[in-house]
Amino acid sequence: MLIKENLLYSVGATEEHYSPGDYIFREEAIPQFYYQIVRGTVKLNSYNDDGKEFIQNIFSDESTFGESMLFLGKAYPVNAVSISECTILKVSREQLFLLMDAYPFISIDLCKLLSARTYDKYVLMRKITSKNAEERLKEIMDLFKEPYGNKEKFSFEIPYTRQQLGSFTGICVETVIRAIKRLEKNNVLMIRNRKIFY
């Protein structure tokens, strides 16, 4: 967890509860709050003109989301939608800035977090520009597995559905399913009880 809960409560944090499919914020809304997930999973998504979803990121327990827009003061370019039952701590922008003034290490931690996310986004964008669906999926699964430091084959369970993998990579779900079958046949990944192990 980026900021300790007691510090957030000390500046008036409120605990919000969301059901699957609930919007936490919508595209074009003006950022007013810092959000930190206590429990649950949230996706940041957007839709193209044809209504096709593109998942920008997925966050779960003890993650934060949407904080970069607080500093810019620009409208959200994405939606935040709960994927599961969620408990989220919410702190106003003004109170977050007061907390950062009082505890400078929070500013440093936020800078590190934002830098890491920017780096990951650059890597992801470079990797998913491949025209080959199998390569795109392999590259994104490498990105998911890398933070865990486990290099052993089939040791990492991909925590996303085939639909979500398609939304991450810009590939339709039918193509994702076919590409995953080919990757399994080529011993790149393993499927056990419909779960993908990479």
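The values are calculated or read from the model by the stated rules, or taken from the named source; none is laboratory data. Since the model is a prediction, treat every value here as computed from it, not as a measurement. Neighbour counts are summed over all protein chains in view; Cβ atoms, including those assigned to glycine, are modelled from backbone coordinates with ideal geometry. Side chains included, ligands, DNA and RNA excluded: accessible areas come from the protein's heavy atoms. Shrake-Rupley method; radii C 1.70, N 1.55, O 1.52, S 1.80 Å.
Numbers below:
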quantity	calculated
Hydrodynamic radius of segment 17-134 per Kirkwood, over alpha carbon pairs, in Å	15.4
Accessible area in square angstrom per residue, the chain, 1.4 angstrom probe	56
Candidate lysines for bridging to Lys131, where Cα separation is under 28 Å - those fewer than 8 sequence places away on the same chain excluded	Lys43, Lys52, Lys121, Lys145, Lys151, Lys153, Lys181, Lys185, Lys195
Radius, Kirkwood style, for segment 1-68 when every pair of distinct Cα atoms is counted (Å)	13.5
Rg to Rh quotient for segment 130-197, alpha carbon positions, Kirkwood Rh	0.92
Compactness of segment 70-123 - radius of gyration and Dmax, Cα, Å	13.6, 34
Relative frequency of Cα-Cα separations exceeding 30 Å in the chain, percent	26
Highest to lowest packing among 147-154, 108-115, 12-19, scored as the average C-beta count within 10 Å	12-19, 108-115, 147-154
Fraction of accessible area attributable to carbon and sulfur, segment 121-198 (%, probe 1.4 Å)	50
Phi-based couplings in Hz for segment 94-106 (Karplus 6.51, -1.76, 1.60; Gly and Pro marked x)	4, 5, 4, 5, 5, 5, 5, 5, 6, 10, x, 4, 5
